[in-house]
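J.: Once you've had a glance at the structure underneath, I'll fire off some questions.
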Amino acid sequence: MSSTTFSIIAVCYYILAVAIVIIVLNLINKKEKDNYKKEINNLERDKNLIISASILTELNKVESLLNNDKMEETFNDWQKRFKKIKDEEVPKISDELLEIEDLFSEKNYKDLKKKIAQTELQIYYVKTRANFLLEEIREITLSEEKNRETITKLKQTYREIFNKYNKEKDDYKLISSPIELQFENVDKLFSAFEIAMDEGSFSEVGKIVKAIDDTIGNLKLIIEEAPSIIMIGKTIIPKKINDIKTISDKLRKDGFNLDYLNIEYNITETEKKISDIFARLNVLNIEDSIFELKTMVDYYDSLYNDFDKERISKKIFEDYSRTILVKVTKLIKINNDLLKKLGAIKYSYDLTDEDVKVVGDIKKEFDSIKKGYDQVITSHRSKAFAYSKLGKEMEILNVRLTKAEERLEIALRTLGSLKEDELRAREQLDEIKDILKKAKVKIKSFKLPVIPKKYYVELAEATEAMQEMIKELEKKPISIKVLNTRVDTARDLVLKLFNTTNELVKTAWMAEMAIVYGNRYRPTNKEIDLGLTKAESLFNRGQFKNALENAINTINIIEPGIHERLLDAYQN
């Protein structure tokens, strides 16, 4: 490609790039311009919506309702506020919009953006004032319809309350006067409402409607809750109080201490609280009354559970007061007997003070339990505590006594096992001697050409271990720990010797049988003759296992499986 062609192509690309940039910038400019135009149109629309026909319509409605100076003064204020919005603030916004149009035409987007934000804020401010004015006016123009609707509902509720009261009048005898007086007040308020509506005193009407609503709401609560308050306060609680007094008096005569329940004090406080509740009820104030009365009922119901608990605790106390005394006395005697024998046991079995310390600790625990028991019994006799506390103390003592008894049983088993270990060791000595004797007899009964050295080593070890065991049994005092070790060692070594003897005799017998069995093949097979000769040599030197293996391998040449048949023959 020539340099001229290359230059032409470069110029074309440059022109194309410039054209694209211009097009993109125009598109961005057009989009920005369209956005500003849209914002200006929105501001124009919002300005036009500030002054709505609703405000003029509502002002005209108010003008027809004017019948007193106060109402006329309020109307004039509304007109002034409307005039100011219409004749001053809206035109000012129009001027600002014209200024925005000029900035837009001049493409002064920097100042335009700032002016749009300021105008938007001004429109919002004026629009809010116009809406607030409209709401104020509607409070009056719609008040009659709204208040009439509210009063109609309140009258319906009032009739239901009034009818309920008259149907169940006997339930309200205690407070009939204040209720009926409140009914009269409601009737007067309804009349006052009609007068205020006729006179157009709309500012008073709202206050009257609220007063009627509050009064009827309170009356409704009174009619719903007063019967329950009267029944609980005048019937249920007094009955429970009398019942509690009767039960508590009987329990005290039977020796129960109920001071911790503070029954008399709580009854006095209950009566004061009930008096206060009914004093408030007479002025139709029932705030928290139901809650307070139910709390009192729950308290007196809980006393029945407390009485039952005291009765159960008394039975627990009486049961434990007999069983614990008998049991602790018996265990103290057993423990004391053990303490008396402790010196002899320590000497006989080489025990340290630490080994037998537990017996002294158990004695201290028994003494402590006995002391605690005596204190509980003394408290019972002086009637210083309720049975619930006494029963609990007895339960704790019984748990301690049970644990101490378990410790004593373990101590008795442990110390008692020392004598049993000594007797068991003497019995095992006889068994060990018998096993040793059987091992010697067995080795002698089979006339072996040579007895291996291993047998004599194990025989010496077993004999020595048995002698050490005999020496330990002859000691005074006996150390049971050492004795048990000697017994285990002697038993293990004697059993090892016995097993060695059996294995040795068994192997020698099988080797001899194999050689005798194989002799039949000697004349016919030179290889067998040589193999059996070698086996005989090993047998005579006391190498019975090697002799057996050599003999079996030799016979297997002619008669495979000879080993299994020899073993069957030995076992049979």
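Throughout, read-outs are computed from the coordinates displayed, never taken from laboratory work. Keep in mind it's a predicted model, so treat the numbers as computed, not measured. Cβ atoms come from the backbone with ideal geometry, glycine included; neighbour counts cover every protein chain shown.
J.: Local charge sum around SER388 (other residues, Cβ-Cβ under 14 Å, Lys/Arg +1, Asp/Glu -1)?
T.: Working: positive: LYS309, ARG311, LYS314, LYS315, LYS383, LYS389, LYS392; negative: ASP259, ASP306, ASP308, GLU310, GLU318, GLU393, GLU395.
In short, 0.
J.: To continue, here is another question. Among GLU292, GLU106, rank each residue by its count of other Cβ atoms within 10 Å, from fewest to most, as a rough exposure measure. Each step should come with its number before you reach the end.
T.: Numbers: GLU292 17, GLU106 10.
Fewest-to-most ranking of GLU292, GLU106: GLU106, GLU292.
J.: Which of LYS438/LYS534; LYS80/LYS114; LYS327/LYS389; LYS207/LYS294; LYS363/LYS392; LYS169/LYS272 have a Cα-Cα distance over 29 Å? Before the final figure, lay out each step's value.
T.: On the way: LYS438/LYS534 32 Å; LYS80/LYS114 32 Å; LYS327/LYS389 22 Å; LYS207/LYS294 36 Å; LYS363/LYS392 24 Å; LYS169/LYS272 27 Å.
Flagged as over cut-off: LYS438/LYS534; LYS80/LYS114; LYS207/LYS294.
J.: Show which lysines lie in cross-link reach of LYS442 when reach means a straight Cα distance below 26 angstrom and same-chain residues fewer than eight apart are skipped.
T.: Partners within reach: LYS433, LYS453, LYS454, LYS496, LYS506, LYS545.
J.: Here's another thing I want to ask about it. Let me make sure I get this right: for the range 145-287, a, b and c are the square roots of the gyration tensor eigenvalues over alpha carbons, sorted descending. Under 1.5 in a/c it's rounded, otherwise prolate if a/b > b/c, else oblate. Which is it? Provide the component values of the computation, followed by the final result.
T.: Numbers: a/c = 4.63, a/b = 3.35, b/c = 1.38.
Prolate is the answer for the range 145-287, as a/c is 1.5 or above and a/b outweighs b/c.
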